[in-house]
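As structure tokens, the structure follows; a few thoughts come after it.
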Amino acid sequence: MKLKILGYLYQNLFRKILFLFDPEFIHDTITYLGKLIGSTKPGQQITENIFFYKSNKLGQDISGIHFANPIGLSAGFDKDANLVNIIPFVGFGFITVGTVTYQPYEGNPKPRLYRLKKSQALVVNYGLKNIGANKIVEKLKNYKKPEKFILGISVGKTNCPETSETKRGAEDYLNCLKVLNDNKIGDFYEINISCPNTFGGEPFTTPDKLELLLSRLTTLNISKPIFLKMPINLAWEEFKNLLDVTITYRINGVTIGNLNKNRKDPNIKDEIPEYIKGNISGKPTYKLSNDLIRETYRYSGDKLKIIGVGGVFSPEDAYEKIKLGASLVGLITGMIYQGPQLIGQINDGLEKELNKNNLANLAQAIGSELHFKA
Ligand SMILES: Cc1cc2nc3c(=O)[nH]c(=O)nc-3n(C[C@H](O)[C@H](O)[C@H](O)COP(=O)(O)O)c2cc1C
């Protein structure tokens with residue numbers, strides 16, 4: 001009831017005010033406030049009292065890590081690890097910080113964030129803006145992680161012309177991962193092979209290039225779980241070819257997926273001005289991501305864990321991704337449109353779904369839509 005009231009207030013009052021201002025300015029302001037509130041114990045406690053929903057049914061072990069609940073803040077909202085002391089208290093089970101790259105990048109020219117209100121979406125063109133791996137290490141090396149919270153780090157390729165050549169690009173990923181891993185930063189890594197807004201485009205989304213990247217990465221002998229962040233505009237045949245490489249190199253799982261590059265997608269209901277560059281998050285990613293989650297689960301079964309991301313705006317949206325085969329669910333845009341209470345509402349809603357379907361735990365729900373049909 002409390003979360004419902006908060007949602008009503010956010011959607012009918014706060015959002016109206018926030019959406020009057022430039023989206024990047026609002027993002028930066030929220031980040032500043034979140035960091036401030038998270039820097040004090042009372043701030044954390046109050047946040048927890050307001051937002052946190054605790055359930056014992058939603059925990060699960062994935063690739064050797066215990067996740068207290070399956071809902072995570074997807075890569076891109078907290079690029080520079082400013083929010084790691086507040087996000088756990090909002091109710092998330094995990095965060096994916098970044099995308100972090102070996103060298104820093106100040107970001108593409110503004111505007112690089114644009115709202116598509118009718119489509120419940122954003123156009124994103126940061127181009128992997130971040131402070132770089134060494135500064136992230138400085139920030140996180142003394143991080144006291146709250147109990148049961150999981151920290152993932154998204155790793156990308158420095159956005160500069162030099163790394164757009166394939167081999168140098170692969171080495172750049174390697175350098176970044178090595179800095180993070182040597183300094184014991186993060187519980188898992190997510191390799192972002194699908195950032196579309198960079199020099200040279202997405203260089204590792206063909207099987208031969210992905211093979212080159214993964215063969216180099218395995219030389220680091222990283223013991224932490226590794227996920228790959230996948231593009232969502234590939235046809236299934238092409239996507240499957242990437243999965244084959246992923247399985248060969250014993251990657252733990254895939255995050256499905258990144259932004260929608262198709263501006264002609266029928267789910268985009270707003271006019272996008274010519275000068276707005278970038279790719280689309282939110283509702284226009286929902287179906288594309290779900291279709292690929294279903295096919296991936298059907299194809300790879302237990303060989304790959306799936307983090308389902310794209311257009312999650314409600315408990316039903318999250319549960320749908322789980323039923324199609326996702327073990328974990330990530331989001332950003334849903335929280336921006338619905339409010340931060342959405343996380344508690346999703347966890348509450350997931351628990352209710354499990355009870356309604358007589359399921360003892362979340363694991364029993366994963367892929368249940370396909371089991372049922374089989
Ligand atoms: C503002 C913003 C920045 C993003 N930056 C990144 C990024 O740096 N790395 C990445 O892998 N994905 C990035 N993404 C993509 C999201 O992680 C996610 O895959 C996508 O937005 C779909 O989820 P959503 O509909 O819940 O937002 C970004 C998305 C948004 C909205």
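In this structure, the amide hydrogen of D80, modeled 1.01 Å from its nitrogen in the peptide plane, lies closer than 5 angstrom to those of G98, counting only residues at least 5 positions away or on a different chain. In this label model, I276 and A360 are separated by 4.9 nm, measuring between points 7 Å along each Cα→Cβ vector. Under the classification rounded if a/c is under 1.5, otherwise prolate if a/b is larger than b/c and oblate if not, where does the chain fall, given a ≥ b ≥ c as square roots of the Cα gyration tensor eigenvalues? Note, shape of the chain comes out rounded. Between the amide H of L116 and those of A121, L122, V123, distances stay under 5 Å, these residues lying 5 or more places away or on another chain, with hydrogens modeled in the peptide plane. Rounded to the nearest whole Hz, the Karplus-based 3J(HN,Hα) values (6.51 cos²θ - 1.76 cosθ + 1.60, θ = phi - 60°) of segment 311-322 follow the sequence x, 7, 10, 7, x, 5, 4, 5, 5, 4, 4, 5, with x at glycine and proline. Considering only alpha-carbon pairs that sit under 8 angstrom and 6 or more positions apart, the relative contact order computed for segment 203-342 is 21 percent. You can think of it this way: the chain between R168 and L9 has 52.3 nm of extra reach, that is 0.36 nm per residue less the Cα-Cα gap.
Normalised by the number of residues in the chain, what is the relative contact order in percent for Cα pairs under 8 Å and 6+ residues apart? Once divided by the residue count of the chain, the mean separation gives 18 percent. Couplings 3J(HN,Hα) for segment 129-140, derived from phi with the Karplus relation 6.51 cos²θ - 1.76 cosθ + 1.60 (θ = phi - 60°), are 5, 5, 7, x, 4, 5, 5, 5, 4, 3, 6, 9 Hz, where x marks Gly and Pro.
A DSSP coil position with no more than 15 other Cβ atoms inside 10 Å describes the following GluC sites (Glu not before Pro) in segment 154-185: E165. In terms of packing, defined here as the mean over residues of other Cβ atoms within 10 angstrom, the peptides 105-117, 307-319, 179-191 line up highest first as 307-319, 179-191, 105-117.
Of Y173, Y299, the sequence from fewest to most neighbouring Cβ atoms within 10 angstrom is Y299, Y173. Multiplying the residue separation of R263 and Q45 by 0.36 nm and removing their Cα-Cα distance gives an extension gain of 74.3 nm.
For segment 1-106, what's the relative contact order in percent, using C-alpha pairs closer than 8 Å and at least 6 residues apart? Over segment 1-106, the number comes to 25 percent. Think of it as helices only: each DSSP H run of n ≥ 4 in the chain is worth -39500 (n - 2.57), and spread over all residues that comes to -11500 deg cm²/dmol at 222 nm.
Take each peptide in 219-228, 92-101, 288-297, count the other Cβ atoms within 10 Å of every residue, and average; sorted highest first, the result is 92-101, 288-297, 219-228. In whole Å, how far is the Cα centre of segment 1-76 from that of segment 296-362? One Cα centre to the other: 16 Å. Amide hydrogen proximity for V155: with H placed 1.01 Å from N in the peptide plane, the residues at 5 or more positions away or on another chain lying under 5 Å are V100, E190, I191, N192. Among beta bridges identified by DSSP and lying wholly in the chain, the antiparallel ones come to about 30 percent.
Only the coordinates and a few stated rules stand behind these numbers; no lab work does. Predicted model only: the values in this text are computed from it and were never measured. Counting neighbours? That spans all protein chains shown, and the Cβs are built from the backbone with ideal geometry, glycine included.
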